[in-house]
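Note sheet for the following structure.
The values are calculated or read from the model by the stated rules, or taken from the named source; none is laboratory data. Just so it is clear, the structure is predicted and the values come from calculations on it, not from any experiment. Cβ: placed from backbone, ideal geometry, glycine included. Neighbour counts: every protein chain shown. Heavy atoms of the whole protein, side chains included, go into the accessibility calculation; ligands, DNA and RNA do not. Shrake-Rupley method; radii C 1.70, N 1.55, O 1.52, S 1.80 Å.
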Amino acid sequence: MLNRETIASELVIDHPECARVLQKHRIDFCCHGDRPLAELCEEQALDTSAVLAELEGAISQDHVDVELRSLSTQALIEYIVSRHHGYLREALPFVSSMSKKVARVHGGHNPRLLELEGLVEELCESLTPHLDEEEAKLFPSLIAAKAASPELAAELSSMFEEHEAVGVLLQKIRAEAEDFSVPEWGCRSYNALFAELERLETDTLRHVHAENHVLRPRYA
């Protein structure tokens, strides 16, 4: 049962379908989610009871077929790489190209699109090497490790810091996109860009959450 003291990060581990509700309300369940829902709701001036009702509705309606905590470390990493890294490697070039196009065509009408273009490019430039580094170095080290070590702790701390930076960028993107709301005059490209940006935000937050709160604690 959910209640005001439910920890946000733990909630998303048990019920990944709750991520989109928290995301909609700008409640951080990734890097700073180890706090009660009531405290996080208060920070955003939200009615905790109303948010709890939304979360319970999401749990009752959705079915998630992967229980991350039940996976071995190797299986968890394989899931992260295939599900989340694979998605980002396809999505990032698309949103980069589309944001440039939309900014070029509509930036004069909505100057926020010019800022959005720069933020999307910054996100792409930070995430691509992050994925490469995890796949080439961090993940093989975690699979091979038989126990925690200072070296692994340092690598995981660096991963966490990079995740925090990505979280800040996603918040800025959502703000410049005005919660991904498309004006009536928005063209198909405008709609496609905002739809994919919202999908990218959702997937990246779940991705980061899995690494921060399921994978990383195994090496604490």
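Any chance region 70-81 includes a residue that's within 28 Å of residue 120 (Cβ to Cβ), open to solvent by 50 Å² or more (accessible area, probe 1.4 Å) and not in a helix (DSSP H, G or I)? The answer is no, given that none of the residues of region 70-81 is within 28 Å of residue 120 (Cβ to Cβ), open to solvent by 50 Å² or more (accessible area, probe 1.4 Å) and not in a helix (DSSP H, G or I).
Taking helices (runs of 4 or more DSSP H) as the structural unit, those lying wholly within region 89-185 and holding at least 3 residues that are more than 30 Å from residue 78 (Cα to Cα) and hydrophobic (A, V, I, L, M, F, W, C) correspond to 112-133.
In summary, residue 179 fulfils each of the numbered conditions (1) touching an Asp or Glu at 6+ places or on another chain (Cβ under 6 Å); (2) surrounded by fewer than 18 Cβ atoms within 10 Å (Cβ to Cβ) with the single exception of condition (1).
For beta carbons closer than 9 Å, sequence separation of 6+ or different chains, a first residue in region 178-201 that is of a type in the set (S, T, N, Q) and a second that is part of a loop (DSSP other than H, G, I, E, B), the qualifying pairs are 191/182.
Against the conditions (1) touching an Asp or Glu at 6+ places or on another chain (Cβ under 6 Å); (2) more than 20 Å from residue 174 (Cα to Cα); (3) without any contact (Cβ under 8 Å) to a residue 60 or more places away in the chain, where does residue 21 fall short? Just the number, please. All conditions pass for residue 21, except number (2). Here's a check for you: in region 1-60, which residue that is outside any helix (DSSP H, G or I), basic (Lys, Arg) and closer than 24 Å to residue 160 by Cβ is most open to solvent (accessible area, probe 1.4 Å)? Within region 1-60, the match that is most open to solvent (accessible area, probe 1.4 Å) is 26. All of (1) within 22 Å of residue 82 (Cβ to Cβ); (2) without any contact (Cβ under 8 Å) to a residue 60 or more places away in the chain hold for residue 146 with one exception: (1).
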